[in-house]
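Notes follow once the structure below has been shown.
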Amino acid sequence: MAVARAPSQARAVAVFNPTAPAPGFLQPLLAGIGGDNRSFVQVLAAPARLIGFAEVAWPDRDFVSLNEEPVLQIGGEPLWGFLFPDEPPLVALWSTFRERMRTRVDDPKLADKPLQLFDIVDTLDFDEFKPAVYVRAYRAYAEMGPTAANRWRDRSILEPALARMLPALGLPPHRTTVIDGPAGETSSTTPRLRARLADGELLVFLEGAIGEAEQRGFQDAYDQLVARYPDLFPDGVRVMATHPPRRAGPPQIKAEGTTVVLVGRIREGQVSYDEWTSQGFEVVDESRFHPALRIRRVPKLTILLGAQPDWPQLVEAGMRMGEHAAVIVSLSTSAAPLLRDLEFQAQTNLPTVTFFAPYATSTVRGRDPVTPIRPLLEIVQREMDGGPFFDVHRLFKAQHNMLVREPLWSNQTSIEPACRLAARALKAGAVFGGVARLYSQGAVSRADHQDFVAALSHLFQIDESEPVHIEARRAALLLLVERIAQNEPSHYADSQRQGIMRLFELRGWRIGQDHGRAFDLEDDQRRFGVVIVDHARDVPAEDPEAAAPGLTRAPLLVIHVQARREQLLIGNRGQFFHAAIEDIALIEPGTLWVWKVLSRQLFEPAARPSQGALRLCASLIVEAVRQGRIQRSLSDIDWNHIQDLLTSSDCERFIRFVDRRTPRRTATLVIQIADKSGSDNQQIAVDLTIEDDGPVVQGTDFTELPFD
Amino acid sequence: MADTQFRDFIHGATPLTGQLGLTHVTDCARLSGLVASRKLEPRLCDVFGEPLVYLFYGRPAYRRAWSGGATTNLDYARICLILRDDVAAHAHRILPFDSGGFGRYSGAFHDSLTLADFEILPTDHPLKIIGAFYDSLEDYWMMEPVQPRTFPVTQHIVRSYYQLITGGLSEQFDDRCSAIEVQLADTLLLDGQVLAVIGPNQIFDDPKVKAMVADWGAEPRGYRVPRMFNPAEVAGRIFSEVERFLEDQTWL
């Protein structure tokens, strides 16, 4: 029926009986005005609202002409009609019609027509008659079979009642079998609501987020129905809202789990398919997944996994996911946010998670590309355990996220690992104040977990719902946190600056005067300046005329956001003290934190011997000698001479590392010196250890070995 | 002489498992006749020139006139019978679309193709057609054939049909172009063959209708008549009700 070119008003001239010959509701027929000889029916947006006229052919029969021919206007009240047996049609505008029909509900002519009465009372929304009329209609169906009656009740009464309360729960409109979508569509893309009441349980199927509030809302709505219609709805029914079951089709590969789809270069890795399947994860190659997606049942969650350089393929794969729950996971070896990532992630509507781990490629055969995201899979699995469905937006509250993992050691307070975790997140692009969820792995008590949550809440909006703990051999924290979404360096830098200041406060420092990227830091003993630098070119210049004040007396602490180790090591021989953002975890007020920071910079697990490390070790040996921190040596060593050699500008001519196993926080170096007669060379092996209160050296005569 | 290419193609196809039942759509004006006879009697068909009963597999296609244009006939409230799947065993002729529309499709087909070129063996079940072009019953219901597919040059009739149901022809058609039509030449006695009767709530107030439904062991599924008054609702009402029945049966 075409609505196009329809008039704005028309004259009602007759009513048509669509259920002829039986009595019932009548459909008004209208004629055009002013020479328009077309016929129309009304188009209604609601029983009381006329929004248009649709052209129809005049029926051959079963119509009755009207004595009065009212003109109807779009936006006004529509005309309604009803035919009682042996009477002329009752025809009137909506409000009048409704009131006249209200007086006829008890009419003897309807006494043996419980289903006709249901149509009247339900259509005209006569609340006062509903309890009795609904029950009579239900019983009429029950006479034809209990299954028929229950199914009719569910779709005619229960589902509309539940659909009407969706707005109060903040849920989008759904269409039921008897109520259209918002645009009056019956087969549109508007999601469907279905309800099935059986065996003491009411299952409500609908799309969208279903949290505890929604579950409670549906339970309340059902309880109200029970109170109103006790003969229709049994009491004590447990209501469970869930996502609709998939319809029939080829059996799915995996019904209820998570599917990891390998995208881009990581497809070259070697996947332990059976092992993942046994753990509840299906792993498939992208080339096989998408063709199968349209014929198989969709997993609860699809993880599109790829390496950071393959963002374009990840975005494209995401576009093909349609409405299915999916998340893009990008494995990145860069601890910093890359401009390219930000540009590509802006092209997807799916949630994204960046996870910092090496990825397997064709050049690294034998590695399972899924293994690096095992922590994320464990999180997903645990989050899925909580309910019959999985809402991807409940886990990923922000669209762009990162997952940062921090191992825990038994001798740490909660502040230190929390600071380090937060620092690493900030460095990688976490949004200061962004939404986050903390997970703990291994031997972490509930109380400890709460301590970590409390600490991290200084920087992020941590979800405080029931903690999810993951069984693991090693204790660790996992922070899923919102990641910057746009390439706006100034905004990001400010967010990062605030985060760094908050980190210092979390560590126990007081922030003094704030100068933007520079600010003052103080505790009860001292006060010094801090400057945050993004690049080496931003490092404040040193005074070429001034001598280095010593490692513990530097007037300025330089925090490098994207620190290179060599830069820190070289810098720490100068006038300022240089630290990485992660080092803030070690910078504890009232302690000799300089030594802990230097120890990390020199002896971190991945540290390699370098020119900068060699020169800094030389400085530390000098510092130890100056402080008299020399352990008893087996040889007669001239420490003053060593001090002279190592303070020279070309000290690397006299010192080198020895590659041998050493205790933690210790390096062994060999220093070449001339003997007192000046005729022969002597080599001294020095063990340099950085203890919490400063460097300590121990020397051994090592002359028998060649220097080079 | 009809080409057997399409028939052979379907004959060799694997039927999908499952069932959707067959539908017969009529209206309230014919209800009293149905109650009296409890059977579907062939009526003369001007397309085939013989008396036939028209059923459709799963989808409740309604053989309304293909007049189109701005003027539409006013509908009596519709009634749909959902029949058992094995009624298809009585088929006299099976076509992969509403044959009433062939005059329209043929304009987009090659001139040489006739209606007979698309007939399949009446002993082949409609599920074979679905199996040949769809991945699932759901896809048939939603009119989403497998895409893309290619056919050899020698399979031009099959390719033409595939283009018809995938919208690949020069003209687009409504859902009837993919509704599988099952024609019966003989009277169909409805006792024991009807799974559900969909119609206005009020028809089930009638003791004779109630008795008929009870005798058949069919499920009465009523809807509210005023819903039918909105033009947007007319085409979709029966479709929604049948779909819901198939969902409740867990067939979809």
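Just so it is clear, none of the values below were taken in a lab; they were calculated from the coordinates. Predicted model only: the values in this text are computed from it and were never measured. Cβ placement follows ideal geometry from the backbone for every residue including glycine, while neighbour counts extend to all protein chains displayed.
Cβ crowding within 10 Å, taken as a proxy for footprinting-reagent exposure, orders A:Cys419, B:Cys177 from fewest neighbours to most as B:Cys177, A:Cys419. Considering every alpha-carbon pair of the range A:1-145, the percent of pairs per 10 Å bin, from zero through the bin containing the longest distance, is 11, 38, 32, 15, 3, 0. Dipole orientation for chain B: of the candidates B:Gly103, B:Thr166, B:Pro15, B:Gly103 has the Cα lying most toward the positive pole (charges on Cβ; Lys, Arg +1; Asp, Glu -1).
What is the average number of partner chain Cβ atoms found within 10 Å of a Cβ in B:190-201?
2
What the Cα convex hull of the range B:118-252 gives, in volume per residue, is 149 Å³.
Hey, got the dipole for chain B? About the Cα centre, +1 on K and R Cβ, -1 on D and E Cβ, debye to the nearest 20? Display every interim value, and only then the final one.
On the way: 23 positive and 33 negative charges, 98 e Å.
The calculation lands at about 460 debye.
Pairs over the 27 Å Cα-Cα cut-off, from the set A:Lys397/A:Lys596; A:Lys300/A:Lys397; A:Lys109/B:Lys39; A:Lys130/B:Lys39: A:Lys397/A:Lys596; A:Lys109/B:Lys39; A:Lys130/B:Lys39. Rounded to the nearest 10 degrees, the inclination of helix B:207-216 to the longest alpha-carbon principal axis of chain B is 50 degrees.
Its DSSP H runs of at least 4 residues, each contributing -39,500 (n - 2.57), put the calculated 222 nm mean residue ellipticity of chain A at -8000 deg cm²/dmol, to the nearest 500. Mean per-residue shielding of peptide A:139-148 is 5, counting Cβ atoms of other chains within 10 Å of each Cβ.
Express the relative contact order of the range B:149-252 as a whole percentage, based on alpha carbon pairs under 8 Å and six or more residues apart in sequence.
Values: 67 pairs, mean separation 18.9, N = 104.
Averaging sequence separation for qualifying contacts and normalising by length gives 18 percent for the range B:149-252.
If R0 equals 35 Å, the separation of the Cβ atoms of A:Arg608 and A:Glu522 corresponds to a calculated FRET efficiency of about 0.45.
Figure the gain on full extension for A:Asp125 and A:Asp448 (residue separation times 0.36 nm, minus the Cα-Cα span) and round it to one decimal in nm.
Details: separation 323, 0.36 × 323 = 116.28 nm, distance 5.74 nm.
So the chain would gain 110.5 nm between A:Asp125 and A:Asp448.
Any chance you could give the angle, 0 to 90 degrees and rounded to 10, that helix A:415-427 forms with the longest Cα principal axis of chain A? Orientation of helix A:415-427: about 70 degrees from the principal axis. Modelled spin-label separation between A:Thr147 and A:Glu542, with each label point placed 7 Å from Cα along the Cα-to-Cβ direction: 8.8 nm.
P(r) tail, chain A: Cα-Cα pairs separated by more than 51 Å, 40% of all pairs. With R₀ set to 35 Å, the beta-carbon distance separating A:Ala198 from A:Gln279 gives a calculated FRET efficiency near 0.55. Plainly put, the range B:1-63 has a radius of gyration that is 1.07 times its Kirkwood radius, both from alpha-carbon atoms, as the Rg/Rh ratio.
Normalised radius of gyration (Cα atoms, divided by 2.2 N^0.38 Å) for the range A:593-632: 1.24.
Per-peptide packing, taken as the mean over residues of other Cβ atoms within 10 Å, places A:503-513, A:39-49 in the sequence A:39-49, A:503-513 from highest down. Overall shape: oblate for the range A:9-81, with the ratio a/c of the largest to smallest alpha carbon gyration tensor axis at 1.5 or above and b/c at least equal to a/b. Could you please report the charge total around A:Asn17, scoring K, R as +1 and D, E as -1 over all other residues with beta-carbon less than 11 angstrom from its beta-carbon? With Lys, Arg at +1 and Asp, Glu at -1, the neighbours total 0. For the range A:90-134 and the range B:1-54, what is the separation of their Cα centres, given in Å? The range A:90-134 and the range B:1-54 have Cα centres spaced 39 Å from each other. Working from label points 7 Å from Cα in the Cα-to-Cβ sense, the B:Met142 to A:Asn681 distance is 7.9 nm.
Arranged from fewest to most other beta-carbon atoms within 10 Å of their beta carbon, A:Trp276, A:Trp80 become A:Trp276, A:Trp80. If R0 is taken as 60 Å, the Cβ-Cβ distance between A:Ile630 and A:Glu471 corresponds to a FRET efficiency of 0.80.
Multiply the residue separation of A:Gln562 and A:Arg238 by 0.36 nm, subtract the distance between their alpha-carbon atoms, and state the gained length in nm to one decimal.
111.2 nm
Pairwise Cα separations in the range A:534-629 fall into 5 Å bins from 0 onward with the following percentages, short to long: 2, 13, 24, 27, 22, 10, 2, 0. Across chain A, Cα pairs under 8 Å and at least six residues apart give a relative contact order of 6 percent. Residue exposure proxy: A:Ser414, A:Ser445, ordered by other Cβ atoms within 10 angstrom of their Cβ from fewest to most, comes out as A:Ser445, A:Ser414. A simple spin-label model places pseudo-atoms 7 Å from Cα toward Cβ; at A:Ser410 and A:Asp692 they are separated by 1.7 nm. Residues with beta-carbon under 10 Å from that of A:Asp122, excluding A:Asp122: net charge, scoring Lys, Arg +1 and Asp, Glu -1? Once all neighbours under 10 Å are counted, the net charge is 0. Residue ranges A:104-114, A:347-357, B:83-93, A:535-545 sort as A:347-357, B:83-93, A:104-114, A:535-545 when ordered by packing (mean number of other C-beta atoms within 10 Å per residue, highest first).
Peptide B:202-212: average number of partner chain Cβ atoms within 10 Å per residue?
Values: counts 13, 5, 11, 13, 4, 1, 0, 1, 5, 1, 0.
That works out to 5 on average.
3J(HN,Hα) couplings calculated from phi for the range A:72-84 with the Karplus curve 6.51 cos²θ - 1.76 cosθ + 1.60 (θ = phi - 60°) are, in sequence order, 9, 10, 4, x, x, 7, x, 9, 10, x, 8, 10, 8 Hz; Gly and Pro show x.
For chain B, adding -39500 (n - 2.57) for each run of n ≥ 4 DSSP H residues and dividing by the number of residues yields -7500 deg cm²/dmol at 222 nm.
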